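Just below is one structure, and these are the notes that go with it.
The values are calculated or read from the model by the stated rules, or taken from the named source; none is laboratory data. From a predicted model like this one, the values you see are computed outputs, not experimental measurements. Every residue, glycine among them, receives a Cβ derived from its backbone with ideal geometry; neighbour counts consider all protein chains shown.
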Amino acid sequence: MRIAIASDHAAIDLKSSLREWLIEHGHEVADLGPYSADSVDYPDYGYMLAGVVADGTAERGIALCGSGIGISIAVNRNPAVRCALVSEPLSAALAREHNDANVLAMGARLTGVDMAKACVTAFVETPFAGGRHQRRVDKLSSPTC
């Protein structure tokens, strides 16, 4: 699977660990940065990640920051992207199965490496159920309010 990954400075170590682990498991990974622990603004990386998922360059994305909250808000500004902030595997699986989430967000200060790997595994391996969930997912990209 083609997966893009991006973070802010607070999640640089988790991003690096997940990138290497995904590559070891046969995934093609695009690391969108940052590449050092120097302070950066998470919206810049969230918007970049959303763009490559929306245009199909990556099939899925992983967005990381200190809490996962800020970068998930930035990613979700793109109407073609459905980013789910999770901290355990069941939520990651349900985000895929029910919401067809194409980006997973996590907080490096809140989620350890092993738990993050479990979340990513659930996210990558769980298919979208479609059916009754499809009409709801369609509404996420074209709100009527």
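Observations
- Within segment 84-139, considering residues that are assigned to a helix (DSSP H, G or I) and modelled with pLDDT under 95, the one nearest to Arg19 (Cα to Cα): Val137
- Search result, residues across segment 1-15 that are in contact with a helix residue (DSSP H, G or I) (Cβ under 7 Å, 6 or more places away or on another chain) and within 14 Å of Val103 (Cβ to Cβ): Met1, Ile3, Ala4, Ile5, Ala6, Ser7
- Selection count, segment 36-92, where residues are in contact (Cβ under 8 Å) with a residue 40 or more places away in the chain and among the β-branched types (Val, Ile, Thr): 5
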